[in-house]
Amino acid sequence: MAETTHLQIQELSRFAQEQDFNQQYCQYFGDVWDEAGIKDISKMTVQDAEQTLKILADSEASPQFIKSLLAQAAIDGATPQVLEYFLASDIDGDGRTLAQEIFQDGTNPLQPDTPQPPPKGQVLSPSPTEDLDWEI
Ligand SMILES: [Ca+2]
């Protein structure tokens with residue numbers, strides 16, 4: 001697993017531990033998993049994750065909700081492979097992964113935002129601090 005992804009999963013787990021989801025949120029989570037046909041989070045497959053993302057997109061879930069849902073999935077034992085799939089997904093095709101959008105950009109990972117490609121100079125000389133973002 002890529003180091004960045006590992007850090008993203010750590011970030012998600014940390015976020016999850018800080019949360020105290022209320023009854024209503026848990027109900028919403030349950031509805032999403034039900035609709036995706038997922039009975040046991042720990043047995044969720046990448047296909048299930050893909051289906052879940054489609055449901056979230058259809059229901060116009062907020063970035064905060066998606067972050068919370070993934071945090072709950074992490075608590076409930078979703079495998080690293082599944083979490084990695086969620087975090088690395090870019091189903092809106094705007095070039096930013098779900099993890100980048102919910103942790104860094106604060107944008108909706110299910111709806112394309114105005115693409116903001118990095119300046120050309122930055123592509124040629126990648127920022128040495130890029131991988132440190134997660135450690136702040
Ligand atoms: Ca995206």
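Each row is one residue, and each column tells you yes or no for (1) assigned to a helix (DSSP H, G or I); (2) within 21 Å of Q10 (Cα to Cα); (3) modelled with pLDDT of 95 or more; (4) among the basic types (K, R).
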position: Y25; (1), (2), (3), (4): yes, no, no, no
position: Y28; (1), (2), (3), (4): yes, no, no, no
position: F86; (1), (2), (3), (4): yes, yes, yes, no
position: G95; (1), (2), (3), (4): no, no, no, no
Subset tally (residues that are surrounded by 11 or more Cβ atoms within 10 Å (Cβ to Cβ) and out of contact with any Phe, Trp or Tyr (no Cβ under 8 Å at 6 or more places or on another chain)) for the range 2-11:
3
Those residues of the range 65-76 which are surrounded by fewer than 20 Cβ atoms within 10 Å (Cβ to Cβ) and either without any contact (Cβ under 8 Å) to a residue 12 or more places away in the chain or closer than 12 Å to I9 by Cα (or both) amount to I75
Looking for something at pLDDT 90 or above, within 12 Å of the ligand (Cβ to nearest atom) and surrounded by 15 or more Cβ atoms within 10 Å (Cβ to Cβ) - is there at least one such residue anywhere in the range 111-132?
no
Among (1) within 11 Å of the ligand (Cβ to nearest atom); (2) surrounded by 16 or more Cβ atoms within 10 Å (Cβ to Cβ); (3) farther than 25 Å from N22 by Cα - the single one G93 does not satisfy
(2)
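Run down G77, G106 and say which single residue is more than 10 Å from the ligand (Cβ to nearest atom) and closer than 16 Å to V46 by Cα.
G77 is the lone residue from the list that is more than 10 Å from the ligand (Cβ to nearest atom) and closer than 16 Å to V46 by Cα.
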List every residue pair whose Cβ atoms sit under 7 Å apart, with the two residues 6 or more apart in sequence or on different chains, where the first one lies in the range 91-103 and is more than 16 Å from K67 (Cβ to Cβ) and the second, anywhere, is outside any helix (DSSP H, G or I) and more than 6 Å from the ligand (Cβ to nearest atom).
G93/P112; D94/P112; D94/D113; D94/P115; G95/P115
Tell me the residue from D40, D48 that is modelled with pLDDT of 95 or more and surrounded by fewer than 16 Cβ atoms within 10 Å (Cβ to Cβ), please.
D40
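The values are calculated or read from the model by the stated rules, or taken from the named source; none is laboratory data. None of the values given here were measured: they were computed from a predicted structure. Because the Cβ atoms are built from the backbone with ideal geometry, glycine has one as well, and the counts that use them run over all protein chains shown.
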